[in-house]
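Right, one structure below, let's go through it.
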Amino acid sequence: MTLHRRALLAGTVTVLAGTGARAQQPPDARPALRLPVRPQTGDVVQPLPRSAPGSDLEVIDLWPDLPPGGGGPFRSEYRFDETLTGVITAVARPCLLVIRPERPNGAGVLIAAGGGYLRIDIGNEGLPVGQWLARAGITAFVLVYRLPSEEWRDGPDAPRQDAQRAMRLIRWKAEEYGLDPDRVGVLGFSAGGHLMGVTATDAEQDLYDDLDDADGLSARPSFAGLIYPIITMRAPFDRTMSSRRVLVGDDPPDARRRAYSVEVQVNARTPPVFMVQASDDRIAVTDHPLLMYAALRAAKVPAEMHLFERGGHGFGLGVPGSPAAAWPALFMAWMRGHGLLKS
């Protein structure tokens, strides 16, 4: 599918890391478009629409300069590329897309959409989920994280660095967004579930050098929702070919498999976890949440898990009328039960 390169520049609706300023983009601030021509006919191809999913949202850059470690995709003024259906690649400048509720209740959620660590599907699993949370009074932060497949020198640790930095920035800006720092959690889908899982279980391992006061705050989320998550890299459950190859390779040693398996990192400081899975999921088979649940139970960490008969993989908020569509209400009930939603 043709890509629409998002012009989220310094003049776009932006909040730079470490500042609270919000600047509105003037209508004529976009760069001039050069119209492409079809070589077969010479006909001018009309430019894509000026907007892509989420292009009107407030933006927080994660890093004041280039991300740590170096490498990555092309360097340009653009933060990332996005299709018109909301699939993101070429993440050069990781950031947060902020969805503010009309009446914030003090809770905040960092959302990581999936895509096998090859892309980020915010059109299905990021923006709709953020809008749903905002309707419930929860401030949503959609994470646009670096993709290890895009030649970052820190490889599979690059998105983990972004997630840690995002959690710290959200807490640093808690007063600005009307948040209670003790009610900021994560919600991840598929590979994004893996990313949010390691953020919840391994937050005490600092993966980058401190940059500012924000990095003095905890990266440990207050709670974690993992929706059809990729959990383990260990055989025989490592059939999620994309995520496994990107994170640990085709034939990794056991130590590397364990290092990127979420269930292995669970400890007594892991926050409460909510999990959802469909039994007919052929990508992240049900062994993934079952292994995670067993590890949480062994560590005496509060956990709730729902296995639905049908739903497959990548159902987002759930197809209306399907069993999996029940999970959003169950998640809200779980949050209330843990005192995370306060009017």
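Coordinate-derived values only; no laboratory data. Since we're looking at a predicted model, the values are computed, not measured. Virtual Cβ from ideal backbone geometry, glycine too; neighbours counted across all protein chains shown.
Listing for the model above:
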{"item": "Relative contact order of the stretch 92-159, defined on C-alpha pairs under 8 angstrom at six or more residues apart (%)", "result": "41 percent"}
{"item": "Computed FRET value (nearest 0.05) for residue 297 with residue 251, which takes r as the C-beta separation and R₀ as 25 Å", "result": "0.20"}
{"item": "Total charge dipole magnitude, the stretch 208-343, about the Cα centre, Cβ charges on Lys, Arg, Asp, Glu only, Debye to nearest 20", "result": "440 debye"}
{"item": "Relative contact order for the stretch 217-343, counting Cα pairs under 8 Å that sit 6 or more residues apart, in percent", "result": "25 percent"}
{"item": "FRET efficiency, 1/(1 + (r/R0)^6) with R0 51 Å, evaluated for residue 213 and residue 310 via beta carbons", "result": "0.60"}
{"item": "Dipole moment magnitude, nearest 20 debye, the stretch 86-202 about Cα centre, only Lys, Arg, Asp, Glu C-beta charged", "result": "180 debye"}
{"item": "Label-point gap, in nm, between residue 330 and residue 65 - each point 7 angstrom along Cα→Cβ", "result": "4.7 nm"}
{"item": "Cα-only radius of gyration and Dmax that characterise the stretch 197-343, units Å", "result": "16.2, 50"}
{"item": "Charge sum, other residues only, whose C-beta stays under 12 Å from residue 130's C-beta, Lys/Arg counted +1 and Asp/Glu -1", "result": "0"}
